[in-house]
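Trainee: I'd like to ask you about the structure that follows.
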Amino acid sequence: MACDAPTIPPWWPQHGPIYDIDKTYAHNAAEGPFVPEGVTLPARPPRPPKDKWMDLLGYKVASPLGVPAGPLLNSRWTTFAARAGFDIITYKTIRSQPTEGHAHPNVVYIDTRGPLSRDRLGEVLKIRKDKAPHIEDVAITNSFGMPSRDKEYLRQDIRAARDGLEEGQVLIVSVVGTPGGCNALATHDFFQDFVDTAVFAAESGAQIIEANFSCPNVVTGEGKLYGNPDVVYKISSRIVHALPLDIPLVIKVGVFDDFANMRQVFWEAARAGVQGICGINTLSMKVVDEEGEPALGPG
């Protein structure tokens, strides 16, 4: 059967990633994405007729292709992804207050082969200095610490991200609560911070909210909520009740210890009014350099 879709030009290993791992997070946010000079993305194929579009939580999207929270640092990146042909766009996790990320380096290549299954979680991985010859051999690890800008910047930038989308595309904004103290996970203030950040994202232009209950690269606890059914219910239900009725809530989860825990968490999420599950977040493993020292920046 003939296909008139454009041919995707070869990228790897002739070109590197559009995120420059040799530069800081702030530099990538301000200057990226980085596309080599002379390289032009192929034109997007014609979209299917609107009656063939898919429903995503009440929004019609032209395709199921999307980008999760993480790679899209701000509106420069969300607009790039939308123009590159992705229709489900997720703005990187935001907080209620400015937060510095972890020190550079934030991304390194790792030397591994094959999938990282559960029985490999105890391994210590080493960085890879050379460039993998084939794209299927590329593996990375990252540690950013969920940095976030001030509210005025975010308000304007989320609106710019929304304005950068076309019909048939949808903007998800990922949010996280920020603990205020050593016992913050048990306090109303932490739960309310989740709620306030979600409402702020919706008011700024988010069409869907993702509550990030899973980030392995923070040490204050907000990244490991997904395994606690009671906490998942309490935070999710408060967010659902605070959001406008037309703004769905999705929660982001990581790897569960067992099926029973996963089932209970999903049940409590559904009971709270959550309409979707995003998973999984990355696996947490130790990565070292040639001297056996931690490979990523301190944080």
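Trainee: Quick one: in segment 13-32, which of the residues that are within 17 Å of residue 138 (Cβ to Cβ) and not acidic (Asp, Glu) is surrounded by the most Cβ atoms within 10 Å (Cβ to Cβ)?
Mentor: Applying the filter and picking the extreme gives 19.
Trainee: Could you tell me how many of the residues in segment 31-83 are among the charged types (D, E, K, R), touching an Asp or Glu at 6+ places or on another chain (Cβ under 9 Å) and under 20 Å from residue 17 (Cα atoms)?
Mentor: The number of residues fulfilling the criteria is 3.
Trainee: Here is a further query. Of the residues that sit in segment 264-299 and are of a type in the set (Gly, Ala, Ser) and in a loop (DSSP other than H, G, I, E, B), which one is farthest from residue 129 (Cα to Cα)?
Mentor: Here the answer is 273.
Trainee: So, one more: Does any residue in segment 17-30 that is closer than 16 Å to residue 78 by Cα and modelled with pLDDT of 95 or more come within less than 8 Å, Cβ to Cβ, of a residue that is in a loop (DSSP other than H, G, I, E, B) and among the hydroxyl-bearing types (Ser, Thr, Tyr) six or more places away or on a different chain, and which pairs are these?
Mentor: Between residues of segment 17-30 that are closer than 16 Å to residue 78 by Cα and modelled with pLDDT of 95 or more and residues that are in a loop (DSSP other than H, G, I, E, B) and among the hydroxyl-bearing types (Ser, Thr, Tyr), the close pairs are 28/19.
Trainee: Can you say whether residue 259 is of a type outside the set (A, V, I, L, M) and without any contact (Cβ under 8 Å) to a residue 24 or more places away in the chain, as far as the supplied structure shows?
Mentor: yes
Trainee: Exactly one condition in (1) crowded, with 16+ Cβ neighbours inside 10 Å; (2) under 30 Å from residue 124 (Cα atoms); (3) of a type in the set (Gly, Ala, Ser) is false for residue 204; which is it?
Mentor: With respect to (1) crowded, with 16+ Cβ neighbours inside 10 Å; (2) under 30 Å from residue 124 (Cα atoms); (3) of a type in the set (Gly, Ala, Ser), residue 204 is out only on (2).
Trainee: Oh, and also: Of a type in the set (D, E, K, R) and modelled with pLDDT under 95: which single residue out of 51, 55, 130 fits that description?
Mentor: Only one candidate passes the filter, namely 130.
Trainee: Right, something else. Quick check on this structure: which one of 10, 48, 36, 64 is without any contact (Cβ under 8 Å) to a residue 24 or more places away in the chain, open to solvent by 70 Å² or more (accessible area, probe 1.4 Å) and of a type outside the set (A, V, I, L, M)?
Mentor: Going through 10, 48, 36, 64 in turn, the sole match is 10.
Trainee: Same structure again: Please determine whether any residue of segment 20-34 is under 19 Å from the mean Cα position of the chain (by Cα), under 15 Å from residue 172 (Cα atoms) and aliphatic (A, V, I, L, M).
Mentor: Taking every residue of segment 20-34 in turn, none turns out to be under 19 Å from the mean Cα position of the chain (by Cα), under 15 Å from residue 172 (Cα atoms) and aliphatic (A, V, I, L, M).
Trainee: Only residues that are buried (at least 20 other Cβ atoms within 10 Å of the Cβ) and touching a Phe, Trp or Tyr at 6+ places or on another chain (Cβ under 7 Å): list them for segment 221-261, please.
Mentor: Listed by number, the residues that qualify are 225, 226, 232, 235, 239, 251, 252, 253.
Trainee: Please count how many residues of segment 262-299 are surrounded by 14 or more Cβ atoms within 10 Å (Cβ to Cβ) and without any contact (Cβ under 8 Å) to a residue 24 or more places away in the chain.
Mentor: Of the residues in that region, 2 qualify.
The values are calculated or read from the model by the stated rules, or taken from the named source; none is laboratory data. This one's a predicted model, so the numbers in the text were calculated from it and none came from an experiment. Counting neighbours? That spans all protein chains shown, and the Cβs are built from the backbone with ideal geometry, glycine included. The accessibility values were calculated without ligands, DNA or RNA, using every heavy atom of the protein model including side chains. Shrake-Rupley method; radii C 1.70, N 1.55, O 1.52, S 1.80 Å.
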